[in-house]
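Asker: Structure below; questions to follow.
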């Protein structure tokens, strides 16, 4: 049964969160609604922002690739749900001693965790872990290679919804290194599932995947044409190692052609919002004036990141508690 | 020794021997390890054993141009004893091994070791491809004349990169000095980069590094030009892209000496099968598009591709238990070589004699071997199979030490019932 989506329980609840692919609009909306309720919790200015939903649960952050921001928001999200958190940076420990990913996994399972939050440099690593770990463990993908980064995509969707309410009339442009971007792949899937009217990708051909149209987007190589009349502009981060060499000649030329400036922003809708998954390379992907300007919603994205991760974690572990209860009563 | 080989008659079968344009109800008589006669029993011949092949096909033992037996050096994946036994169960009597063993097969000593082990096991004939360069490093030429004297079939760099085109030119010139063929798995390593699936809609969707078709076609163009310039004979192994075949066809038409084989899995699977990060389908070169698969099938039918090989690469289970890009490439494929080829007959891509030709006289001609045919006096390498037997491939019933096959649970039509190697019965399903 290849097309059985192993992210879902038999009754269609979220068991793992590996990719947006195969999740329907109702489920994505449920994630957004639950996250929204968590953001209001934070807004009430309560001194203790914790809820006891995951008390007694242990969540392990398994980061095979360095990340401070994503790991911190996952940690914060877990703590606000009252879970215990274990942080493991594997890149510096086990695998450098020649231990295989599967061995590392077996060792961690023996520590009785309930959830792995996984980041790994290889596409498909989260799927691999989900299909090999003990059945009581949930896996949340915090980024695998160039494949998927679904919590980032969902926090972007939450940010868009907070500003635009309805997804259906929206035109969204994603600008930058689409080829290597797990964020873009997840955003494209989420935007199309939520039913926006158009997703555009804008990049030079060296940063576009093969037959990008097959991913359900309109392809532009010219920023001016691509952002005309859009409601949302998502700028992607350009990795330092990709700025020079055979993919791009220089930061300077990239900024001239694809960098977002206030001038160019006038081509978009007057109420356009500008997003960026961070951290920004100012003067490469966008001007400081745009990053800090009135259209920018970049800081909201960061706080929404915690709410989305709380939502996903509680849904994954909640579906298990539910099925456990069912088993006990049966 | 040969006196002790029992004589055999295989009777009532349909004898298919494409090299001799034979496809008829004919008996086959074997004595002293050689074919004695086809058709009527020679006067005075009384076989020690009679195999009743009613309803079965009798054909030359299969010849596989590309296998890894993993010995010496990688015995955790397979040994000459285990893999040749799997070959006998699969009707294969001649195996041509790649030199990427450990140590590399770049000296007569390693070839001698392999020859002895194969002789001990006695299940099949094992012939070596020698290394084109020392230690397959792509820098210095191997002692090809010595390898030839020790009996290597041809030389190859086993898919490892050559330092540059000048080294390739000189290696081709040196090999052709002695009339040694050069086997090449064409790949431009720069264009390939870290590619692990076909660059196409699957690589775009899954974010897996793409292995573009051009990484193969650019290499084919380069190799063809050098074959023409040097007069060397190149055999292309395990082609994956339809456009490569077109290029090679054109070059052959221009009078350049070339030949081509394809791995059986390329005729059945496509990039879509690697979807869902299925590491069983992580192969090198990668599975391509449906269009490529269909064009490769056509080329096998027309004879533009002269041989189908298994590209057998057994692995221990751990080797595939990694995220897709980090998992080992290759399929444990001996036991599916004939079944997958017969599937092409079921699907009306090939007629039966052509299917058998691509597994017998086709590879024999490429490798200059006197096998793969059943005329009188030839070595009695014979495969008998029941074309109507239905069966399902199960991992734990595979004979190979490697159980890494994406064809596990596939249903096949056609099963080997007896294999004879040099006149000895090396497999008998009734025994």
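Every number here is computed from the coordinates shown, using simple stated rules; none is lab data. Here the structure is a predicted model, which is why all the values come from computation and not from measurement. Ideal geometry is used to build each Cβ from the backbone, glycine not excepted, and the neighbour counts take in all protein chains shown.
Asker: Quick check: pseudo-label points 7 Å beyond the Cα along Cα→Cβ at residue B:225 and residue B:290, how many nm apart are they?
Answerer: A separation of 3.6 nm, rounded to one decimal place.
Asker: Compute the distance from the alpha-carbon center of the stretch B:151-204 to that of the stretch B:346-372, in whole Å.
Answerer: So the separation of the two Cα centres works out to 24 Å.
Asker: From other protein chains only, count the Cβ atoms within 10 Å of every residue's Cβ in A:114-125, then give the mean.
Answerer: 4
Asker: How large is the Kirkwood hydrodynamic radius of the stretch A:240-330, counting all unique pairs of alpha carbons, in Å?
Answerer: 16.4
Asker: Could I ask something else about it? Can you give the log10 of the normalised intensity I(q)/I(0) at q = 0.10, 0.11 Å⁻¹, computed with Debye over equal Cα scatterers of chain A?
Answerer: For chain A, the Cα-only Debye profile gives -0.58, -0.71.
Asker: Please compute one quarter of the surface area of the Cα convex hull for chain B and express it in square nanometres. If you can, show how the numbers build up before the last one.
Answerer: Details: hull surface 77.1 nm².
Reported value for the Cα convex hull: 19.3 nm².
Asker: At a 10 Å Cβ-Cβ cut-off, how would you order B:129, B:334, fewest neighbours first? Don't skip to the answer; put the middle values down first.
Answerer: Details: B:129 29, B:334 32.
Result, fewest neighbours first: B:129, B:334.
Asker: On to the next question. Ranked highest first by average number of other Cβ atoms within 10 Å, how do A:28-39, B:40-51 line up?
Answerer: Values: A:28-39: 18.8, B:40-51: 12.2.
In descending order of packing, they fall as A:28-39, B:40-51.
Asker: Be a star and scan the stretch B:103-128 for residues whose amide nitrogen sits under 11 Å from the point 7 Å along the Cα-to-Cβ vector of residue B:139.
Answerer: Answer for this model: none.
Asker: Could you tell me the calculated FRET efficiency between residue A:252 and residue A:76, based on Cβ-Cβ distance and R0 = 45 angstrom, to the nearest 0.05? Please report the intermediate quantities before stating the final value.
Answerer: Values: r = 37 Å, r/R0 = 0.82.
Efficiency, rounded to the nearest 0.05: 0.75.
Asker: To test your reading of the geometry: what angle, between 0 and 90 degrees and rounded to tens, separates the Cα axis of helix B:242-253 from the longest principal axis of chain B?
Answerer: With rounding to tens, the tilt is 70 degrees.
Asker: Would you kindly calculate the mean projected area, averaged across all directions, of the convex hull enclosing the Cα atoms of the stretch B:126-216, in square nanometres? Spell out each step's value before the answer.
Answerer: Details: hull surface 27.3 nm².
Computing the convex hull of the Cα atoms and averaging its projections yields 6.8 nm².
Asker: Starting from the 7 Å offset along Cα-to-Cβ, what nm value, one decimal, do you get for the label separation of residue A:299 and residue A:214?
Answerer: Those two pseudo-labels are separated by 4.3 nm.
Asker: In addition: Only helical DSSP H runs with n ≥ 4 go in: add -39500 (n - 2.57) per run for chain B, normalise by residue count and round the 222 nm mean residue ellipticity to 500 deg cm²/dmol.
Answerer: So the helix-based figure for chain B works out to -8000 deg cm²/dmol.
Asker: How compact is the stretch B:25-133 by the rule of thumb for globular proteins, expressed as Cα Rg over 2.2 N^0.38 Å?
Answerer: 1.33
Asker: Could you run the Debye sum over the Cα atoms of the stretch B:257-303, one equal point scatterer each and no solvent, and tell me log10 of I(q)/I(0) at q = 0.15, 0.27 Å⁻¹, two decimals?
Answerer: Each listed q maps to, in turn, -0.40, -1.00.
Asker: To make sure I understand, if each residue's beta carbon is the centre and we count other beta carbons within 10 Å, what order do B:182, B:345 fall in, fewest to most?
Answerer: Final ranking by Cβ density, sparse to dense: B:345, B:182.
Asker: Turning to a different aspect of this structure: Any idea what angle helix B:165-177 forms with the longest principal axis of chain B, computed on alpha-carbon atoms, 0 to 90 degrees, nearest 10?
Answerer: Once rounded, one gets 30 degrees.
Asker: Return the tail of the calculated pair distribution for the stretch B:70-151, meaning the percent of Cα-Cα pairs more than 18 Å apart. Write down the numbers at each step before the final one.
Answerer: Numbers: 1286 of 3321 pairs.
That fraction is 39 percent.
Asker: Between residue A:262 and residue B:4, what is the label-point separation in nm under the 7 Å Cα-to-beta-carbon projection?
Answerer: 9.6
Asker: Ranked highest first by the average count of other Cβ atoms within 10 Å around their residues, in what order do A:105-114, B:299-308, B:78-87 fall?
Answerer: The packing order, highest mean first, is B:78-87, B:299-308, A:105-114.
Asker: What angle, in degrees between 0 and 90 and rounded to the nearest 10, separates the Cα long axis of helix A:69-80 from the longest principal axis of the Cα atoms of chain A?
Answerer: That works out to roughly 40 degrees.
Asker: For a quick check: sort B:236, B:390 by the number of other beta carbons within 10 angstrom, fewest at the front.
Answerer: So the residues, fewest neighbours to most, are B:390, B:236.
Asker: Between residue A:112 and residue B:410, what is the FRET efficiency for a Förster distance of 35 Å, r being their Cβ-Cβ separation, to the nearest 0.05?
Answerer: With a Förster radius of 35 Å, E is 0.35.
Asker: Now, a different point. Grab the Cα-Cα distance for residue A:11 and residue A:324, subtract it from 0.36 nm times how many residues apart they are, and report the gain in nm with one decimal.
Answerer: Full extension of this stretch gives 111.3 nm more.
Asker: Return the inverse of the average 1/r over all pairs of distinct C-alpha atoms in the protein assembly as shown, which is the Kirkwood hydrodynamic radius, in Å to one decimal.
Answerer: 28.8
Asker: Here is a further query. Between the stretch B:23-74 and the stretch B:78-92, what is the C-alpha centre distance in whole Å?
Answerer: 17
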